[in-house]
Each structure stands twice: as structure tokens, then as C-alpha cells.
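Read through the structure below, which is laid out as C-alpha cells, and then see the notes.
The values are calculated or read from the model by the stated rules, or taken from the named source; none is laboratory data. Computed from a prediction, not measured in an experiment: that's the story for all the values here. Cβ atoms come from the backbone with ideal geometry, glycine included; neighbour counts cover every protein chain shown. Just so you know, the surface numbers come from the protein's heavy atoms only, side chains and all, with ligands and any DNA or RNA stripped out. Shrake-Rupley method; radii C 1.70, N 1.55, O 1.52, S 1.80 Å.
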Amino acid sequence: MQPIAQGYHRSIDGSGLQKDEEASSNSLKPISGLVADSNSRIKEVSGTEQNNTIKRLKKDLPPEQAISIDTNIDHRKLEIVRHKFSTTHLSPGTTSQQPDIEMIQFDRRIEPGNIDPAKREIFQSQANCLELQLNVSFDCFIFHTCFSPSGNHLFISGCDSSTDHRLVSWRKDADGNWWENSRSMVGSQIITLQLNQSENTLLTCDSQDGNVKVSTLNSDGRWEESLVLEHTPLVKGYEPVMASFSPLQDKIMTYDHHAGKINVLQVDGNNRWTRLNQPAEIRQSSQVALNFKATNNYLLTYNDTQATIWGCSDQSNCIKQKFDRDYGGFIEDCQLSNDERHAFILLRNNQVFFLACDDNGHWSQVGEVRHFRQTYELEVKVDEEPDRTIVDWNHIYTASFNASGQYALTSDFAKQTIISGYDDNGAWVEKLDIRDCDYAFFSHTGRKVLARLSTGSYKIWDCTSTGISLDKAQTLEHIDSKLITIGPSENLFLSYGDETNYACIWGDDGEGHLVEKARVCHQGGIFAAHTNAQEDSVLTVGHDCTVKIQGLERDGKWREQLVVQNKQNIDFAEFSPSGRLAFTVSQDSTACILGRDDNGEWVQHAVIKRSPFSIKSAKFNKLENHFLIFGNHFMNFGKDNDKPGFVQLWSIGDDGKWAKTELIKLDHPVKEADFSPDGDHLII
């Protein structure tokens, strides 16, 4: 499914009601003493008196403590834990003077009638950094939570019983307050949500009943169900129904894997979604399930030996056939290029046909390539009689276009990779045949193609030049390395692997040639290597429990600037998105925040030790002025579902130093803790 809305595409999955995750939704923390006092008497009075009590509670609350309370006592619940950061930095000196913050324990199972009023102070940080804004709980379990890309919408799925699954959403108003704006029943624990880029249309795919719901925001800011598409309920052996917005956001496409049926919706000027007219049902082989994605103007489908390209017409509000051909052989796969101007049809006999669209919207075949076949005879019995059949052992396992759609790559199990594309005369031709190739891929921009050969070397070709063949390959020799990373500019390369004790940094020599710039040594192999956004720093992670950072000096030479030594293996280490910071997390329950000093060299800014807790994850917020880690206790691992968890927040002060600003310890495991997309909120 195509990720839409700035990468927002979250699948909500709750596979099993595990006790060690169940508690993450049951930490009810009262907003005020009035709430706690009211809750303490709820079970002792009648339903009518309960409603009256809640009405009095709402009336007596001060204005700043406005809350939303469901007056249906049988289904009352406050709903999720969320926090907002103060936008101000810590005061100067807090990094050295701030005391340790007390770790306050939560009860694992808390009923509304026995909440400790003292625990309402849990998020009033000594650094005035966190403020409790929203508190949510389901009676049984929370499956997943996610923000919209803007951070103005929040979605939570959970259940109040083993069969009562719900999806609840909140929106943030202009004053920063959160309001519940929809609550709907869903058929299963696994649902998929997508928002369009304007965040005014919501797609909800239910994996169990197969229904796809289209909801739009009304004038009151609430989600209203505008359309429901019925599909085949989930059947064992088939993928769930898929639905997605097109890249231009003006269409919705759904694919029912079991029925093989595709539907296309289009939005009009009034933001109403209607199904496009189809002269015939659009069906596709169920074997292409995972390759289906929504497109803008054309749709490529196949069934057995026949491939069809459909055109979506805005004027006639219908879908028409633009290309249709029976290839006489079983079709293995087909794909449109990103610009929808090219397509390939891959047959099972290792033959690939390429199609192109002209300026008038007419599709035609422009070329083909073949990979050699190797077969052997296998003796089988048919009706107890011996028979022989021909079996292929060589097979094309991948085919793809580069970003511009001007080149294509096909690779098979016999280690043959063929690069094809246009020549100077506009004909699609085979440009390069790479033998003994372990793997090959296009760079992100599509300007380069890189291949690793079985000899242990890498070759890089430039795809920007025209001509009949690709030549002038750059060769990088690094025996025993298996992996290579390409920097953002595509002029810096890192080669490394588990079977080599050093990583190589490759760069331009000033004359267009790639040469070895430096080596980074690790005993026992290297399992990760990264370059930062500026390409002036390289981070490597070795099996020797070390993380190393190399810095590019003013004289153009690389020099080791930092070594972080841990007692146990490194779980993960990487640069922040800006490239100005980095972090490490080790299995010895240690995390490090890394950055530059006044001289521009990499140093440790903070060391975080959480023994006897294991750190599950770590991340920076968007502005990279807050850093979050969370995890759970080691005790009775795998047996004790009540092992406690923790969430710790670090922030950077006006003096440029990092300090611990919040430490929350819970009596139950922490399933997830994350920043909102804008980085101003924290959800646990």
C-alpha cells in the first residue's frame, strides 16, 4: 500500500491480548481531586445518582480543568495518556543543579473507584516540561495509537472486551485542547488507517470484514462516514483488503485480494467521493497482492497471460482500456514506472516486455529482454505411471525502474543482472549484462546503478549518459564486505560487512574518480554504517561493542573523533535527521547522546544508564531539543507479565547541555512511547 500524507500510513495491529501489553492502557490518572473524589463513590450509588454526581462534578470544575465525561456509566472511560512540552528551554544551570526526579509507580490495574489522588501530580515536572493534556483508557486493551502528520489528529484503537473493538479519534483545536470527534465499532484488532494530505478524508480498512470506510470532516470538525465499500471478508491464505489514496490525492483505489476486484473512487469539487464508471469489472490475479498500489492516471493489471492498462478519465468519469494484450505465457509480475509513462510485463519464462506511453496517451510495446533459462528433467508419477517434467531452476526474482523511468533492472537466481533503457535514437535496448552479480540496485535518484560482484568488488555506473551501452564503471575493491551505503549526494559510499574487520569510506578525488578515503576498524565485523546528512561524519557499529564516528577535517582527510565502548552488544546507533546529533543504545542498558563540541568534534553529551531496565527504543523529537528512551525491567523475562517499565525524557538547556527532565516509572510494561510529528507532544 502506498504511504500517503507525508509518510502517514499506520497499520493498527493487536495480535493477541497479552497481559504484559494489556496494562499499557489501564493507567488511569485523575485530572483533579474532584475527579478522584467522585470516582471513589461511583460504585456505591445508583445509576441515576451517578449521573447527577458527574453533572455536579463538571459544574464544580474550574475552567482550566475542562474535561469530557461519558455519562453512560456502563461505558465510562477517560481515554489516553499524552503530554505537551513547554516550548521554553531549561533555565541556565539546570543541567548541573537539577536533582533526580522521583520515580512514581503506577498501579497495574486501577478501577475508577480506587485511584490514589496523589498520583495526579505525576506529570508536573520539576523542570516545568510536561503537562498532562489527555488521559485515555479502554476497559481491556489498547492496540495502537498514531498521530496525523500535522499532529492535529490522534487515533487510538482498543477494546472493552474480547469482541468489542473500537476506533476513537481526537482532534486538537486552535487553543491546543483535545476533543473526541469520532468513536466507531470495528470488526477486528487489525485495521489500517490513511489520511489524505489535507487531513480531511480518512480511509479505514477493516481486515476482518473487508469493509473500507471513507469518512470526511464536517463543518464541526467531526468525522462523518460518507461511503462504505463492501469487500470479501478475510479468508485464510489471502491478504487483507488494501485501500490507498493516489499520489495526487484525487483518487482512492481498493483491491480485494480474494475476489481480485479493483475499485476506483474520484473526488469532485465538493469533496464528494464517487465510484468511477467501469465498462467491465477490473480484476487482477491475486498473486500480485503485495505489489498493488494506487496510481494517478493509469492502472496496470494482469490475469494469467493477459495484461491490461486502464486509463482514468476525469472528463467522462469512467475507466477505459488503453492497452490489452495476451502474451501467450504466464505473467509473473507487472509494474508501472513512478511517472506512469513506462511499464514492464514479466513472464514466467524469464522474458520481460517494456511498454511506453506517448504524448497522446497511447501505449505500445517498445522493447524486451531475455534472461537465459536453465532447466532439468524431474521424474514424477502420474496415475502411478512414471513421467518426466521440465523444471526451471533459474528465475528472475526482481525487476524495477529507476526514478526517471528511463532505465530498468532485472536480476535472476543465476546471478545475471541486465540493465536496459533508451539509446540515442529512442529505442529501448539492453545496455549492460552483469554476470556473477550478487545483487544490484539503482540509487535513490536513479542516476547511478550499483552492483556487488561475487569476486568481492563493487561496480558503479552512471545512468545519466545516453548511448547504446553503459561503460566507464567505477570499481571499489573491498574483499569480504557484503553491504554498501550510498550518501545523500551519491558521491560518498561506505562498504562494510560481518566478515570484514574494517569499513571503507569512498569519495571523489576531485577528478571524478572514487577512491578509498579512510578505513574504520572493528574486530569481529561491522553490522551498520551511516553517513550524516551533511556527509561530513560517518558512524560505524561493530560486533566488538563499539560505536565509532569519523569526522571530515578541513584538509579533506577523515579522522577518528569518537569511540563509544560498551560492555555488551550495540542494539542500534544512528544520526539524527539533521545530522547534528547521534545516539547509541546498548544491551548493557546504556544509551548515549552524541554531538559536537565547540571545536566541531564529536563527543558524548550525555550517558544514560538504566540498569536493571532494558532500553527498548530511543528517539529525538523534531526540533532535536528533547530525547526519549523507554523500556522494561529485566526481571523474570518472558515469565513475569507485570514487569515494570519506564519512560525517561532528556532536554537541552540554554547552556547547550543535556539534562534529565522527567523520569516516569510504571508498575507495568511500556509498549510504546513516541513524540508527535511536530515534536511538541509525547504519547505513552
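Quick notes on this one:
- These residues, 322, 548, go from largest to smallest accessible area, 1.4 Å probe, as 322, 548.
- On the beta carbon distance between residue 304 and residue 565, with R0 = 56 Å, the FRET formula returns roughly 0.40.
- Shape call, segment 639-684: gyration tensor on alpha carbons, a/c limit 1.5: oblate
- Dipole magnitude (debye, nearest 20) for segment 179-260, charges at Cβ of Lys, Arg, Asp, Glu: 120
- The residue list 414, 483, 428 was ranked by how far each Cα lies along the charge dipole of segment 393-489 toward its positive end, using unit charges on Cβ atoms, and 483 comes out on top.
- Protection proxy ranking, peptides 208-216, 451-459, average beta carbon neighbours within 10 Å, highest first: 208-216, 451-459
- Point-charge dipole on Cβ atoms (K/R +1, D/E -1) for segment 227-278, about Cα centre, debye to 20: 60
- Farthest towards the positive end of the charge dipole of segment 153-310, among the residues 237, 282, 217, is the Cα of 282, using unit charges on the Cβ of Lys, Arg, Asp and Glu.
- Set 448/472; 557/622; 431/517 screened for pairs whose C-alpha atoms are more than 24 Å apart: 557/622; 431/517
- Applying a threshold of 28 Å to the alpha-carbon distances of 251/322; 261/322; 213/261; 213/616 flags 213/616 as lying beyond it.
- Highest mean packing first, where packing is the average number of other Cβ atoms within 10 Å per residue, the peptides 435-442, 509-516 line up as 435-442, 509-516.
- Extension gain for residue 318 to residue 447 (0.36 nm times residue separation, less C-alpha to C-alpha distance): 42.8 nm.
- Per residue accessible area in Å² of segment 133-187, where ligands, DNA and RNA are left out and the probe is 1.4 Å: 33
- Packing around the peptides 275-284, 156-165, taken as the average count of other Cβ atoms within 10 Å per residue, puts them in this order, highest first: 156-165, 275-284.
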